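Heads up: the structure comes next, in structure tokens.
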Amino acid sequence: MEWNDDKAKAIVQKHKKRFSWKLSFNVIRVLLGIFLVYAVYMISVSIIYEATNVGKRTEFYQKLAVDWTYPGYISTNSRSGTNEITPFLTQKIDFPLLKIIGKEEFAITKVSLNKPLIDAYSTTTVNEYFPYNSDKGFNFSLPYNPVTNEKLDETQTPNVWNQLEQIHEGNVAQLAFSINDYYSPEELLELVSPYQIDVLWMPIYMGELKNSIEGGWSGSENDISLAKPWGLSGFKKVDADFNINYSTSILNNHSVKESQSAMLRNMKMMLDKDKNLAETLLGTAYLQERYDYLQKEGFQAYGAVVTGPVKELRKLKELEGIHSVQLGEIKPWNWIEE
């Protein structure tokens, strides 16, 4: 057979195509293998994530943080948001943040939690609200200086009462106020019982600014407002798998004792099982000290967030010792007498 350049080129081209197809097949086989390994890994991680209830536990803790430290807001009861784990084992959780205005719940914004393996690097973001910024949330004045125990001044807010007078009675709203002494939650409920309103949240003193408990504050020597007040809210009951099977968002004579017991019970559970995670989500380094203070001194309320018809909120002006009044969101009438 006579050899020439054309035959040589044909042979080279033939083997080149064969090599190219073989290389492509090997690359596809490797990529497919990587995808299958990744798929098996993610399925396994997701199954373990669901089976161990790690995600539901973290979500429940974040919801407690909302209920305790976001005055005027509540977390949703259902798993209506996102709760997933990434390939790098970072938990991504989000759920709606609600407000009760009158007798209805309104979805205001969303809480998003990004929790990596190391708890300390967890971040919680809220689209439209940040609890450390008192300009965007309610704040409450302490009745006594925690260090000297001297009586503090009452901050009068006549402009709020004037605003309420200008609002049509066919509306409902949220209102927050401070009171000039410490009351048990039951006593505070009794104080506002003559008015057709619902109590949503009460700021509770937990030893801030003394007993080594953190507590940034604003105001002056005669008016102290904690930068991040903690409070008593309605409660959520969960089963062993952290499924919420009962909840209430209103503090009344039927729920207030259980709300206090539930708060202590949940704080104790956090301390025993997940202290670092709980403190990260709650933004405190003194969860044990707060728990111990409540156990020793009891619940001491010094204000409230309430909701109701505008005409009933106006009447709160009659309360002796009420001050630092703040008007929240207003909605059209939705009040149904129970």
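Per-structure values
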| read-out | value |
| --- | --- |
| Pick from the stretch 199-209, criterion at pLDDT 95 or above and not aliphatic (A, V, I, L, M), ranking: farthest from Leu327 (Cα to Cα) | Tyr205 |
| Residue check, Glu187 at pLDDT 95 or above and surrounded by fewer than 19 Cβ atoms within 10 Å (Cβ to Cβ) | yes |
| Restricting the stretch 40-74 to residues that are polar (S, T, N, Q) and more than 25 Å from Asn139 (Cβ to Cβ), the residue that is surrounded by the most Cβ atoms within 10 Å (Cβ to Cβ) | Thr58 |
| Boolean, Tyr293 is more than 19 Å from Ile179 (Cα to Cα), of a type in the set (Ser, Thr, Tyr) and over 21 Å from the mean Cα position of the chain (by Cα) | yes |
| Criterion (assigned to a loop (DSSP other than H, G, I, E, B), modelled with pLDDT of 95 or more and surrounded by 12 or more Cβ atoms within 10 Å (Cβ to Cβ)) met by exactly one of Gln196, Gln174 | Gln196 |
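Residues are listed down the side, and each one gets a yes or a no for (1) touching a residue at least 60 places away in the same chain (Cβ under 8 Å); (2) of a type in the set (Ser, Thr, Tyr); (3) closer than 21 Å to Val306 by Cβ:
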position: Tyr70; (1), (2), (3): yes, yes, yes
position: Arg79; (1), (2), (3): no, no, no
position: Asn83; (1), (2), (3): no, no, no
position: Phe88; (1), (2), (3): no, no, no
position: Lys92; (1), (2), (3): no, no, no
position: Leu98; (1), (2), (3): no, no, yes
position: Gly102; (1), (2), (3): yes, no, yes
position: Ala107; (1), (2), (3): no, no, yes
position: Val111; (1), (2), (3): no, no, no
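The values are calculated or read from the model by the stated rules, or taken from the named source; none is laboratory data. All values reported here derive from a predicted model rather than from experimental measurement. When we count neighbours, we look across all protein chains shown, and the Cβ atoms used for this are built from the backbone with ideal geometry, even at glycine.
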